[in-house]
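Engineer: Next up is a structure, given as structure tokens.
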Amino acid sequence: LAEKAGHNTYEIISPTANVETYKLFSLRNELRHAFHNDQFLVYYQPIMHAETNEIDAVEALVRWNHPIWGIVLPNEFIPLAEESGLIIEIGEWVLKTACKKLRSWHDAGYMVKASVNLSLIQFSQIDLIDIITSTLQENDLDPKWLTLEITETAMLEQKEKVLKKIAQIRALGIQISLDDFGAGFASFKNLKDIKPDILKIDKSLVKDIPSEQDSTEIVASIIQLAHRLSIQVVAEGIETKEQKELLLKLECERMQGYLFSKPVSEENIEKVLERTINTEIDPLPFQEQRA
Ligand code: C2E
Ligand code: MG
Ligand code: MG
Ligand code: MG
């Protein structure tokens with residue numbers, strides 16, 4: 001940053017900006033080595049049937065446990081992994097890790113679904129569908145237990161190709177979830193073309209309800225729109241009881257957010273599953289844990 005701006009501007013750049021630049025540089029350089037040396041982890045966050053407090057699904061969210069930086073969040077390294085193409089390997093690993101876990105949860109009697117995020121780059125992987133199919137088979141899982149989350153930005157390039165693969169995935173019986181709806185384009189045309197099974201309302205819209213009237217109207221309209229198209233709705237980023245109450249009133253049946261549980265390590269998600277499914281008590285909120 002300092003180089004680009006010229007040497008006269010050096011002193012106005014804050015020390016934290018320099019740390020950020022250094023961190024980005026370090027993460028970019030170390031990404032591949034770190035992935036191949038087991039520094040990656042999958043955390044899990046429940047998606048709730050809010051009315052009954054039952055867990056419908058568990059979303060897999062990747063983390064990088066860096067020796068210096070600590071737990072690095074995906075927004076910091078997924079773009080780097082997409083740049084280098086490494087996201088294809090990471091995405092496959094997350095899918096396999098989550099499906100293996102799902103098998104063990106089912107064996108323990110926790111009949112939840114798994115939800116895995118897919119990057120646009122993964123649609124260029126020639127054997128994507130084969131990998132998904134074989135992963136399900138290896139773990140003896142019916143495709144109905146798997147949801148794949150895609151974002152609309154994933155639609156900008158090579159739309160036809162992506163749509164064809166999405167149709168193939170759905171034909172297998174896997175559910176498709178349109179993630180972060182309302183954060184970016186939220187185009188009706190995309191909604192119609194993708195025909196997702198599930199629509200996830202972005203947390204940026206949920207953040208301002210119920211206090212902001214406009215946000216509330218927008219969220220209410222999205223829920224109605226989805227239901228009219230026979231699409232199920234998940235609202236993400238629920239942090240308060242007020243948000244939950246309003247969303248229930250708006251007939252949003254499924255919710256995800258810190259109010260229920262933060263994303264947690266694989267050991268801790270088993271405790272969340274146990275508490276939620278075997279008892280009637282509130283599932284926490286659970287704190288995100290360092291590895
Ligand atoms: P996402 O798929 O929309 O996941 C939801 C994000 O919202 C997660 O951030 C989660 O920790 C956060 N979140 C959940 N509840 C709340 C809440 O109540 N309040 C707030 N403020 N945030 C909440 P996370 O784990 O940092 O992941 C960020 C994004 O990185 C994900 O957004 C997803 O797009 C991407 N990502 C994560 N794992 C993977 C992966 O395995 N593959 C790919 N391609 N992308 C991934
Ligand atoms: Mg997601
Ligand atoms: Mg999302
Ligand atoms: Mg997001």
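The values are calculated or read from the model by the stated rules, or taken from the named source; none is laboratory data. Every value quoted in this text rests on a predicted model; they were computed, and no experiment measured them. Here Cβ is always computed from backbone atoms with ideal geometry, including for glycine, and neighbour counts include all displayed protein chains. Remember, those area values only see protein heavy atoms, side chains included, never the ligands or the DNA or RNA. Shrake-Rupley method; radii C 1.70, N 1.55, O 1.52, S 1.80 Å.
Engineer: Can you give the accessible area per residue of the chain, in Å², using a 1.4 Å probe?
Structural biologist: 52
Engineer: Would you pull out the residues with amide H under 5 Å of Val264's amide H, same chain only if 5 or more places away, H placed 1.01 Å from N?
Structural biologist: Tyr44, Gln45
Engineer: Averaged over every viewing direction, what's the projected area of the C-alpha convex hull for the range 188-271? Give it in nm², one decimal, please.
Structural biologist: That works out to 6.2 nm², a quarter of the Cα hull's surface.
Engineer: Given charges of +1 on the Cβ of Lys and Arg and -1 on the Cβ of Asp and Glu, with all other atoms neutral, how large is the dipole of the chain about its Cα centre, in debye to the nearest 20?
Structural biologist: That gives the chain a dipole magnitude of about 460 debye.
Engineer: Please work out the Cα center distance from the range 187-209 to the range 15-69, rounded to the nearest Å.
Structural biologist: Here the two parts' Cα centres lie 24 Å apart.
Engineer: At a 1.4 Å probe radius, carbon and sulfur cover how many percent of the accessible area of the chain?
Structural biologist: On the chain, the fraction of accessible area on carbon and sulfur atoms equals 52 percent.
Engineer: Please list the non-local residues whose amide H lies under 5 Å from the amide H of Lys113, H modeled 1.01 Å from N, same-chain partners needing a gap of 5 or more.
Structural biologist: When sequence neighbours closer than 5 places are left aside, the close amide H contacts are Ala57, Val58.
Engineer: Then there is this: In deg cm²/dmol and to the nearest 500, what is the mean residue ellipticity at 222 nm of the chain if only DSSP H runs of at least 4 residues count, each as -39500 (n - 2.57), divided by the residue total?
Structural biologist: Calculated at 222 nm, the ellipticity per residue is -14000 deg cm²/dmol.
Engineer: Right, another one. What is the packing order of peptides 179-185, 49-55, 253-259, taking the mean over residues of other C-beta atoms within 10 Å and listing the highest first?
Structural biologist: 253-259, 179-185, 49-55
Engineer: Mind checking which lysines have their Cα closer than 26 Å to the Cα of Lys161? Skip sequence neighbours fewer than 8 apart in that chain.
Structural biologist: The reachable lysines, counting only those whose Cα sits under 26 Å from Lys161, are Lys96, Lys144, Lys189, Lys192, Lys195, Lys200.
Engineer: Is the C-alpha gyration tensor of the chain telling us rounded, prolate or oblate? Criteria: a/c under 1.5 is rounded; beyond that, a/b larger than b/c is prolate, otherwise oblate.
Structural biologist: rounded
Engineer: Around Met48, which amide H atoms from residues at least 5 apart in sequence, or from another chain, sit under 5 Å from its own amide H, with H modelled in the peptide plane?
Structural biologist: Residues meeting the amide H criterion: Asp56, Met255, Gln256.
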